Amino acid sequence: MKTKHWRTLQRAYVILLMGFMYLPIGVMIAFSFNESKSRSNFTGFTLSWYKSLFSNEMILEALALSLLVAVISSVVATVLGTMAAIGINGMGKKSRLVIENISYIPVVNPEIITGVSLMLLFVGYNTAVTVLNGMGIPLPDSLFGMPTLLISHITFNLPYVIFNVSPKLRQLDTRIYEAALDLGCDHRQAFFKVVMPQLTPAILSAFLICITYSIDDFIISYFNCGTLQTLPIAIYSMTRKKVSPEINALSAIMFLVILSIILISNARESRQYKRDQRRI
Amino acid sequence: MKKLFAVVVWTMVALTLALGASAQEMIQVTDDISVSADYDWDRLADQNITLYVYNWGLYISDGSDDSIDVLSAFEDLTGIKVNYTTFDSNESLYAKLKSGGATYDVIVPSDYMIGKMIQEGMLAPLNKENIPNFSKIGESYTGMAYDPQDEYSVPYTWGTVGIIYNTEMVEEAPTSWDALWDVEYAGNILMFNNSRDAFAIGAKKLGMSLNPQTVEEVEIIAQELKAQKNVVQAYVMDEIFDKMSGGEAAMAPYYAGDAITMIDESPQLDFVIPEEGTNYFVDAMCIPANAKNKEAAEIFINYMCEPDVGLANIDFIGYSTPIKEVWERLDDEMKYSPIAYPSDEVMANTEVFVTLPDEINSAMDMAWSDMKSYDEGGSGWMVPVLLVLALALTGFNIWRRMRKNLRNDY
């Protein structure tokens, strides 16, 4: 009897937890079909917000910029971060500890500090460049815009890559790499044919984390976007008037896209797992 | 019969006026937008200019929601490309410009921020020859205190602040700001979540100026706002839309233009401008001193004052227009709406924000955050208790680790 109660309690707890996580998204998706602009009264079903979303140039442009920045910065950060992780792995114990801690600081640092300090750096560049231009070194007047946005996104993405790839690197058996060398690989071949395939899952997950953080980021972009506008900034600027339900529609689409990506990749993984099991 | 006659006469007058207007040469840009032909719109077309416009969010008719897209019409007309981005508050606009993180060509700050920017030399004087449409701005909207010579700004929209209330929840229509302090509606009152607007309401309730001159005045108003805290359900901005239309709150102060939008959607709401007077605000177009395309910016400002464009924008935003011809072309319901265009007596009792001295501003910010964190009964004991708790936790952790180390030694 006691265990039965215990189980209902457990189940209730899980349901409560899931409710907190997914009810808001459910409500948002429901209200993306709401006829009126209200976020509290459901007046009728309509798809018009989805229609008008795809004709709203401002939101679409902001979305396109967000995606572009996310992809470019994640690719660059993943490549740089993986190289950094491999370098750090090859270091001595002491210097590795120092470097790892230094690259950990940006992660625990409040975003606003990263954002403002990057902005100050770029403003500093602007003032420095007037001097340099005067000396006859031709450089662009101001970096603000795409360059600053990319630099800042790559900067805050880098540590996440390092901390995703490093543990995997440490788990690797160095003897496999040595065996590859013994069997006639040169260093590059050994790396790409032996080490890389084992790192791939970690690198991929690092890449996905970067994309998420990059699309998500508001504070750092806010200080470093110049005259550009990413999606979170566009949404935030609507708060004097009223955030348009088109944003609900957009969020619903994004949620479904991400959900389906996760489901598909999980399905593939489990199929792969079953196949492997059978082979054994 | 007399009435019918009057109607006929007025229709004829209106027709002749309309004909007279159309006799003036126009360039038709789109189905909905025609602009005066007496202006060289495309003189910068071959210079491949991109104009950087920084405006409030949802503050232009941009084609969304079946509105008219005035920006793409401008691009077609002038051959100037527009990079249009948006901000959420005067303060973030100021911070952005001040930090040097971006250069814009056209910005739309409000009254007091314009004054502040003029003082700090952040705005460029306008060349009125490039903005002949400035003459279309009604006289009552020119020569404002923040820019007495109209050197730096061209009004874009204006409005007032009043109380929006739910007629089903409030028995008697409020007439005074006192209503927002009424204990009867405790927990059903919303309040501005920005210091300048909130202090203005406190000041008006006390019969003071909404531009406090001394720190003492700020403190008196802050006391009043503290006293209000008990009855306030939440300090919010745009959530007011949903809370009011959803019947979650009975009363809230907000901008008249947005009140009209809310009443359109939920007819149980109504709006009143309290008798103590209120804030009258103007958002105006300006050109920053470091703008790269000043002439293109002036063409843009001139374009925004074209009646067709102004009408499209006002339709979309819902705020009030300073352009005479736009007002004339509104439908009667809007034209004579006491919310959008209050009578002269009401307007006589309004006050415009002016730029405050730094010490007043910082006193206001201090008092505001003090008020927000202020709690009846005092949360003063919370801080030391939490501190002691944190210390105890750290101590426990250290003790545990030491014990573990000791055990490992054996």
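Restricting B:S320, B:S343, B:S362 to residues that are modelled with pLDDT of 90 or more, crowded, with 20+ Cβ neighbours inside 10 Å and of a type in the set (S, T, Y) narrows the list to B:S320. Elements of the type strands (runs of 3 or more DSSP E) sitting completely within segment B:20-69 and holding at least 3 residues that are over 21 Å from the mean Cα position of the chain (by Cα) and within 14 Å of another protein chain (Cβ to nearest Cβ): there are none.
Every test in (1) within 25 Å of B:P338 (Cα to Cα); (2) in the same structural domain as B:S92 (by TED's automatic domain parsing) is passed by B:Q149 save one, and that test is (1).
This table checks each residue for (1) in contact (Cβ under 8 Å) with a residue 24 or more places away in the chain; (2) over 16 Å from the mean Cα position of the chain (by Cα); (3) farther than 22 Å from B:P274 by Cα.
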residue: B:M117; (1), (2), (3): yes, yes, yes
residue: B:G121; (1), (2), (3): yes, yes, yes
residue: B:K128; (1), (2), (3): no, yes, yes
residue: B:M144; (1), (2), (3): yes, yes, yes
residue: B:P148; (1), (2), (3): no, yes, yes
residue: B:V154; (1), (2), (3): yes, no, yes
residue: B:G159; (1), (2), (3): yes, no, no
residue: B:E172; (1), (2), (3): no, yes, no
residue: B:W177; (1), (2), (3): yes, yes, no
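Being under 18 Å from the mean Cα position of the chain (by Cα) and in a helix (DSSP H, G or I) is a property that holds for A:Y160. Can you pull out the residues in segment B:207-222 that are free of Cβ contacts under 8 Å to residues at least 24 places away in the same chain and surrounded by fewer than 14 Cβ atoms within 10 Å (Cβ to Cβ)? B:E216, the sole residue that qualifies. Among the residues of this structure, A:I203 counts as one that is touching a residue at least 40 places away in the same chain (Cβ under 8 Å), in a helix (DSSP H, G or I) and under 22 Å from the mean Cα position of the chain (by Cα).
To keep it simple, each residue is scored yes or no on (1) modelled with pLDDT of 90 or more; (2) assigned by TED's automatic domain parsing to the domain that holds A:V123; (3) crowded, with 17+ Cβ neighbours inside 10 Å.
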| site | (1), (2), (3) |
| --- | --- |
| A:P140 | no, yes, no |
| A:F144 | no, yes, yes |
| A:L150 | yes, yes, yes |
| A:I154 | yes, yes, yes |
| A:P159 | yes, yes, yes |
| A:I162 | yes, yes, yes |
| A:S166 | yes, yes, yes |
| A:T174 | no, yes, no |
| A:A180 | yes, yes, yes |
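Residues in segment A:34-50 that are more than 10 Å from chain B (Cβ to nearest Cβ) and either of a type in the set (G, A, S) or more than 28 Å from the chain's Cα centre (by Cα) (or both): A:N34, A:E35, A:F42, A:G44, A:F45, A:T46, A:L47.
Only residues that are within 14 Å of another protein chain (Cβ to nearest Cβ) and among the acidic types (D, E) were counted across segment B:271-314, and they come to 1.
Going by the structure shown, is B:A249 assigned to a loop (DSSP other than H, G, I, E, B), within 14 Å of chain A (Cβ to nearest Cβ) and at pLDDT 90 or above? For B:A249, the condition - assigned to a loop (DSSP other than H, G, I, E, B), within 14 Å of chain A (Cβ to nearest Cβ) and at pLDDT 90 or above - is met. Taking the criterion of being of a type in the set (A, V, I, L, M), within 12 Å of another protein chain (Cβ to nearest Cβ) and touching a helix residue (DSSP H, G or I) at 6+ places or on another chain (Cβ under 7 Å), the residues of segment B:94-122 that qualify are B:A102, B:V106, B:I107.
For segment A:83-112, filtering for residues that are touching a residue at least 60 places away in the same chain (Cβ under 8 Å) and exposed (fewer than 10 other Cβ atoms within 10 Å of the Cβ) leaves 0.
Of all residues in segment A:217-245, those that are surrounded by fewer than 22 Cβ atoms within 10 Å (Cβ to Cβ) and at pLDDT 90 or above have Cβ atoms under 8 Å from Cβ atoms of residues that are outside any helix (DSSP H, G or I) and of a type in the set (A, V, I, L, M, F, W, C), 6 or more apart or on another chain, in A:P232/A:F218.
The condition (being within 29 Å of B:G63 (Cβ to Cβ), among the small types (G, A, S) and in a loop (DSSP other than H, G, I, E, B)) is satisfied by just one residue among A:G184, A:G226: A:G226. Of all the numbered requirements in (1) in contact (Cβ under 8 Å) with a residue 60 or more places away in the chain; (2) more than 15 Å from B:L311 (Cα to Cα); (3) within 8 Å of chain A (Cβ to nearest Cβ); (4) touching a strand residue (DSSP E or B) at 6+ places or on another chain (Cβ under 7 Å), B:S89 misses one, and that requirement is (4). Residues that are part of a loop (DSSP other than H, G, I, E, B) and at the interface with chain B (Cβ under 8 Å from one of its Cβ atoms) were ranked within segment A:51-67; the one that is farthest from A:Y213 (Cα to Cα) is A:S55.
For (1) within 23 Å of B:G101 (Cβ to Cβ); (2) crowded, with 23+ Cβ neighbours inside 10 Å; (3) of a type outside the set (S, T, Y), each residue gets a yes or a no:
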{"position": "B:D40", "(1), (2), (3)": "no, no, yes"}
{"position": "B:L44", "(1), (2), (3)": "no, no, yes"}
{"position": "B:I49", "(1), (2), (3)": "yes, no, yes"}
{"position": "B:W56", "(1), (2), (3)": "yes, yes, yes"}
{"position": "B:Y59", "(1), (2), (3)": "yes, no, no"}
{"position": "B:S72", "(1), (2), (3)": "no, no, no"}
{"position": "B:K81", "(1), (2), (3)": "yes, no, yes"}
{"position": "B:Y84", "(1), (2), (3)": "yes, no, no"}
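The values are calculated or read from the model by the stated rules, or taken from the named source; none is laboratory data. Just so we're clear, the structure is a prediction, and the values are computed from it rather than from any experiment. We place every Cβ from the backbone using ideal geometry, glycine too, and count neighbours over all the protein chains shown.
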